[in-house]
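A short worksheet on the structure shown next.
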Amino acid sequence: MNRLIKRTFFLLLILGMTAQLQARGNNLIDVNINNEDLEVEYTNINAWSRNSQTLFSAGMLNAYDKDDIRHMLYTVTLMQEGLTDLRGVSFGIGFRGVFSMLDEKVDPYGKNDSHEVGALGVRAKFMYTFPLRVKTILGLTANYGPRSLSINTEMEQYREYRLELSAEPIDGGWIYAGYRGIEFKFDNDEVYEMNQKLYVGMKIYF
């Protein structure tokens, strides 16, 4: 059953990316790195109204945990973002699907093979744009996936948060620095911290 879910996940990923690449709107490539990790994400942005937009993203994180074990995390995200009545404040809500294979060395049940983890989480994002000459944004994103939205019967929660400070020194080109935390909690009370790292990156609109 898990293999079927995994194949369906990747099929939806490919179909979604193909459809969005052909859709009208702006495109965004986002790349961030640190000494050990690499994350790449593609986003298609379509205006929904004057003050809101719909974003579809697909990405991959090549990350090392605190025990120096490498994992690949695949993500698909759908969000709606818009301005609020407060000056400089915008807010977003949506969903984020994640999938990865835990190495046997960190498997919470001590199995001799890799352990699949995956979930569909709800997502919320807060952004504040500073009144500066160079456009600068502080963003906080939180994702939460309960057991009811997990592909694993053993997984209790998926949690992810990010804090980023971004600046746009040239039109359509952003640079940023941030911190992310990604973890999975299992029904035996084990919590696996997949990634807790600082990073720097850039975003390019085209």
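The values are calculated or read from the model by the stated rules, or taken from the named source; none is laboratory data. All of these numbers come straight from a predicted model, not from anything done at the bench. When we count neighbours, we look across all protein chains shown, and the Cβ atoms used for this are built from the backbone with ideal geometry, even at glycine.
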### Task
Please find, within segment 48-92, the residue that is surrounded by the fewest Cβ atoms within 10 Å (Cβ to Cβ) out of those that are closer than 27 Å to Leu132 by Cα and among the acidic types (Asp, Glu).
Asp85
### Condition met for Thr141 (among the hydroxyl-bearing types (Ser, Thr, Tyr) and over 14 Å from the mean Cα position of the chain (by Cα))
no
### Output for segment 34-47, where each listed residue is exposed (fewer than 14 other Cβ atoms within 10 Å of the Cβ), in a strand (DSSP E or B) and not small (Gly, Ala, Ser)
Asn46
### Query
Among all residue pairs at least 6 apart or on different chains, which show Cβ distances below 9 Å where the first residue, located in segment 166-181, is within 18 Å of Ile45 (Cβ to Cβ) and the second is in a loop (DSSP other than H, G, I, E, B)?
Ser166/Lys135; Glu168/Val134; Glu168/Lys135; Gly172/Phe206; Trp174/Lys135
### Task
Being more than 19 Å from the chain's Cα centre (by Cα), closer than 22 Å to Lys66 by Cβ and surrounded by fewer than 17 Cβ atoms within 10 Å (Cβ to Cβ) narrows it down to one of Glu183, Glu168, Glu154, so name that one.
Glu154
### Message
Take the conditions touching a residue at least 24 places away in the same chain (Cβ under 8 Å), at negative phi and assigned to a loop (DSSP other than H, G, I, E, B) and apply them to Asp30. Does it pass?
### Response
no
### Task
Looking only at segment 56-67, decide whether some residue is within 20 Å of Val98 (Cβ to Cβ) and touching a Lys or Arg at 6+ places or on another chain (Cβ under 6 Å).
yes
### Residue satisfying condition, being within 28 Å of Ile170 (Cα to Cα), surrounded by fewer than 18 Cβ atoms within 10 Å (Cβ to Cβ), among the charged types (D, E, K, R) and modelled with pLDDT of 80 or more, within set Lys135, Lys125
Lys135
